[in-house]
Amino acid sequence: MQKVFNNKTAIFLFVFPGILLFALTFLVPIFLSGYYSLRDTLAPGTPSTFTGFANYTQLLFHDSRFWLALRNAILLGLGFIFIQHPIAIFFAIMLDRLGGKAEKWFRTIFFIPCVISVVVISKMWLSLLDPTFGAFNKLLDTLGLGMLKHAWLGDSSTALVTMLFILIWAGFGWGLLFYYAGLKGIPDEMYEAASLDGASGFKLHLRITVPLLSPVITVQITLAMITALKQMETVFLTTNGGPGDSTQFLAVYLYNKAFSASQYGYANAISILFIIVCLLATYLSSKLTRSDATEF
């Protein structure tokens, strides 16, 4: 076996299939997307005209819908980071302290939305928030709050907030699972030593739990921004970016441009900028949250 590891030809033959697969499924599509982004075409294989950077110029300087979609994606990412994750950390700590069968039961309950199909979740929320027959408006009526009844996803003034709530709710279980697993790796001795030094309650978790969870938090923030930027399924199945463009997100806008408006070249320009924004967000989130690995 040692002879194989010292043979560079053998190592190359082992890794070549993986490199080839990566190139064919990742790099080649990006290259083709860059090629089509410089052309005006309806679809692959149809006549096309070279337009240079006209698609990018239109997108960056004259397309307010693109910037609206980007803004909504960033808002969703911030919602994940500043609302979903702190709540997930809090509930993870509560679960960890709960113990016994109750811990297992609540852990399962919180994770249920993550194993339900996106289609089912989308249809469930559409049904719950239906302005006429929805259970949520009927609940408001029952509580004597009928004046608050609303077309939550049908009114542009409330659609974005409602959509952000649905997306944050749907992904809550994943965040909780990551933080819960991170908490299980923290030795009890750390808490006992901190307690002897006088730390307790919120102060204990602020000085012990949060610093030791920092590697998990870093990964979660990066994943949150990527998830927000490529968000599509739930939005597409509930509002499709409407009403108006109030719930427009980048991936939905890209899809509609490519396959509904038949602006394939323009959609590929969006996809190239989409990749750049994702890489930039990943770099910034890693840079801002980078910390030395904590050992214990």
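The values are calculated or read from the model by the stated rules, or taken from the named source; none is laboratory data. Just so you know, these numbers come straight off a predicted model, no measurement behind them. Here Cβ is always computed from backbone atoms with ideal geometry, including for glycine, and neighbour counts include all displayed protein chains. Ligands, DNA and RNA are excluded from the accessible area calculation, which covers all protein heavy atoms including side chains. Shrake-Rupley method; radii C 1.70, N 1.55, O 1.52, S 1.80 Å.
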Plugging the Kirkwood radius over Cα pairs into Stokes-Einstein for the chain, at a temperature of 25 °C and a viscosity of 0.890 mPa s, what D comes out in µm²/s? 109 µm²/s
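I want the local charge near A194. Using Cβ-Cβ distances under 14 Å, sum +1 for each Lys or Arg and -1 for each Asp or Glu among the other residues.
Summing Lys and Arg as +1 and Asp and Glu as -1 gives -2.
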Taking the Cα centre of each part, how many Å lie between the range 112-166 and the range 46-103? 21 Å
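Hey, what's the Cα Rg ratio for the range 2-61 versus the globular rule of thumb, 2.2 N^0.38 Å?
On the way: Rg = 19.4 Å, N = 60, 2.2 N^0.38 = 10.4 Å.
So the range 2-61 has a normalised radius of gyration of 1.86.
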Report, as a whole number in µm² per second, the diffusion coefficient that Stokes-Einstein gives for the range 47-93 at 4 °C and 1.567 mPa s using the Kirkwood radius over alpha carbon pairs. 96 µm²/s
M94-E192 FRET efficiency (beta carbon distance; Förster radius 22 Å; 0.05 resolution): 0.70
Kirkwood Rh in Å, taken over the range 115-259 so that all alpha-carbon pairs contribute: 18.2 Å
In the chain the accessible area split gives carbon plus sulfur, as whole percent at 1.4 Å, a share of 71 percent
With the chain treated as a Gaussian network of Cα nodes joined by springs under 10 Å, which of A69, A224, A54 yields the largest mean-square fluctuation? A54
Env charge @ Y266, Cβ radius under 15 Å, K,R +1 / D,E -1, value +1
Please work out the Cα convex hull volume for the range 10-124 and give it in Å³ per residue. 252 Å³
Counting only DSSP loop positions in the range 85-175, the chymotrypsin sites (Phe, Trp or Tyr not before Pro) whose Cβ has at most 11 other Cβ atoms within 10 Å are F133
Solvent-accessible area per residue, Å², over the range 178-229 with all protein chains present [probe radius 1.4 Å]: 51 Å²
Please identify the DSSP H helices in the chain that span no less than 30 Å along the helix axis (Cα) and have a mean Kyte-Doolittle hydropathy of 1.0 or more. 264-289
Summing -39500 (n - 2.57) over every DSSP H run of at least 4 residues in the chain and dividing by its residue count gives a helix-only mean residue ellipticity at 222 nm, to the nearest 500 deg cm²/dmol, of -21500 deg cm²/dmol
List every residue whose amide H lies under 5 Å from the amide H of R39, counting only residues 5 or more places away in sequence or on a different chain, with H placed 1.01 Å from N in the peptide plane. T51
Among L229, I275, T218, which residue has its Cα positioned farthest towards the positive end of the charge dipole of the range 216-296, with +1 placed on the Cβ of Lys and Arg, -1 on the Cβ of Asp and Glu, and the dipole taken about the Cα centre? I275
Out of V115, A102, S64, whose Cα points farthest toward the positive end of the dipole of the range 50-147 (charges: +1 Lys, Arg; -1 Asp, Glu; placed on Cβ)? A102
As a test of reading the structure, rank V216, V118 by solvent-accessible area (1.4 Å probe, protein chains only), most first. V118, V216
Where in the chain lies the longest segment free of trypsin sites (Lys or Arg not before Pro) that are both loop residues by DSSP (not H, G, I, E, B) and have at most 16 other Cβ atoms within 10 Å? 1-148
